Amino acid sequence: MKEIALHILDIAQNSVNAGAGEISIEVWKNEKDNRTGFRVRDNGKGMDLETLNRLNDPFFTTGNKKTGLGIPLLRQHAEAAGGILHVESEINKGTLIRAEFELDHLDRQPMGDVLSTLISLLRAYPEREWLFSYQVNDREYSFNTRDIKTELDGLPVSHPRVIRFIRDMLQENMDALSK
Amino acid sequence: MGKVKTLDDLRKLKDELKSKTSLRDKSEHPESMVQIKVAMATCCIASGSRETINYLADELEKRNIEAVVTQTGCMGYCYAEPTIEVTLPGKEPIIFGYVDEKKADEIIEKYIRNGELVEGIIPMNYKNIEDTTK
Ligand SMILES: Nc1ncnc2c1ncn2[C@@H]1O[C@H](COP(=O)(O)OP(=O)(O)OP(=O)(O)O)[C@@H](O)[C@H]1O
Ligand code: FES
Ligand SMILES: [Mg+2]
């Protein structure tokens, strides 16, 4: 993966596959602590102990193919950049995955295009509820599709004009935080 | 510097869109629209499927083609990722491989618009991951 933002997309995809109706994505950068990272939390079907124990095995998957690379790859990248991967899961309740990286580590991938990741998820899964929080040092911007849907009053979130609006709104607010 | 968009602006957009279209009717009949699925497992994402899905959705809108673009898991043609499945109304689904932005553009112009075949079609059930790894 060339970007951390692509890992976010991949980990959120696991949540979708777990049948989650609500998926929350937090992304942060903290210069004082020299940390950056993300957290994905879902209310999907969760994992049993056996699954949790095998998460680092790239040949373990419950999907329809031969490999389960997402989590092992993320762990490898986080640890190579002075960070950690934390996984918590409870069956029938949900899963939380947090990846942290050292901000100024030479081997850290760039954060990349978080917005493109979010937009691709909204486009593909407009019926789920997405919560998004973006934190730069001690400032935060947050967004959730419930508020959007209330405003839209039945108009689909995936409507191209609505997607474009959300993209602009997120972009402007995220830029404002980074200033 | 312009003002940052808020939910109030979204309400205005909604009023504008609602007053002039029958969007809801259309989304209730997806079989009458072009349907595209983009494979989005880990390896697909690493090979560029996020750019493919966003490009397709943006370009179809710009070119006024009504389509439903969604994601799917690994379709078994990992050697040719990014892969997409395109279903034209009333036709059988077709899978295309190596769909970067250039290929996506060609698929829109030739196959979606005119029903012409383009290079990169993967014969279904011909060489999928099951056959190649067993
Ligand atoms: N959020 C989640 N909720 C429930 N189960 C999960 C979740 N994330 C991962 N899993 C389980 O862990 C397994 C391994 O996940 P991982 O992302 O490493 O591979 P994968 O999703 O199976 O395949 P790939 O990521 O290569 O497309 C999954 O198949 C699934 O069973
Ligand atoms: S993992 Fe991408 S098509 Fe199979
Ligand atoms: Mg995965």
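The values are calculated or read from the model by the stated rules, or taken from the named source; none is laboratory data. All of these numbers come straight from a predicted model, not from anything done at the bench. When we count neighbours, we look across all protein chains shown, and the Cβ atoms used for this are built from the backbone with ideal geometry, even at glycine. In case anyone asks, the SASA skips ligands and DNA or RNA and just uses the protein heavy atoms, side chains included. Shrake-Rupley method; radii C 1.70, N 1.55, O 1.52, S 1.80 Å.
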Residue check, A:S15 in contact (Cβ under 8 Å) with a residue 12 or more places away in the chain, hydroxyl-bearing (S, T, Y) and not in a strand (DSSP E or B): yes
Condition met for B:Y98 (part of a helix (DSSP H, G or I), more than 16 Å from ligand 3 (Cβ to nearest atom), open to solvent by 40 Å² or more (accessible area, probe 1.4 Å) and more than 10 Å from chain A (Cβ to nearest Cβ)): no
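Matching residues to (1) touching a strand residue (DSSP E or B) at 6+ places or on another chain (Cβ under 7 Å); (2) at pLDDT below 95:
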| site | (1), (2) |
| --- | --- |
| A:G94 | yes, no |
| A:F101 | yes, no |
| A:G112 | no, no |
| A:L131 | yes, no |
| A:Y134 | yes, no |
| A:E151 | no, yes |
| A:S178 | yes, yes |
Some residue of the stretch B:63-81 being at pLDDT below 95, touching an Asp or Glu at 6+ places or on another chain (Cβ under 7 Å), open to solvent by less than 20 Å² (accessible area, probe 1.4 Å) and within 16 Å of ligand 1 (Cβ to nearest atom): yes
Conditions (1) closer than 19 Å to A:N34 by Cα; (2) crowded, with 16+ Cβ neighbours inside 10 Å; number of the one not met by A:D107: (2)
Near pairs, Cβ below 6 angstrom, 6+ apart or cross-chain, from the stretch A:159-172 (at the interface with chain B (Cβ under 7 Å from one of its Cβ atoms)) to any residue that is acidic (D, E) and assigned to a helix (DSSP H, G or I): A:P160/B:E61
Residue count, the stretch A:18-51 (criterion: within 15 Å of ligand 3 (Cβ to nearest atom) and at pLDDT below 95): 1
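Restricting to the stretch B:104-119, name every residue that is free of Cβ contacts under 8 Å to residues at least 60 places away in the same chain and crowded, with 18+ Cβ neighbours inside 10 Å.
Within the stretch B:104-119, B:A104, B:I107, B:I108, B:Y111 qualify.
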All positions within the stretch B:35-74 that are of a type in the set (A, V, I, L, M, F, W, C), within 7 Å of another protein chain (Cβ to nearest Cβ) and within 14 Å of the chain's Cα centre (by Cα): B:M40, B:I53, B:A57, B:V69
Residues of the stretch A:100-124 that turn out to be away from chain B (no Cβ under 14 Å) and either of a type in the set (S, T, Y) or closer than 30 Å to A:D48 by Cα (or both), as a count: 2
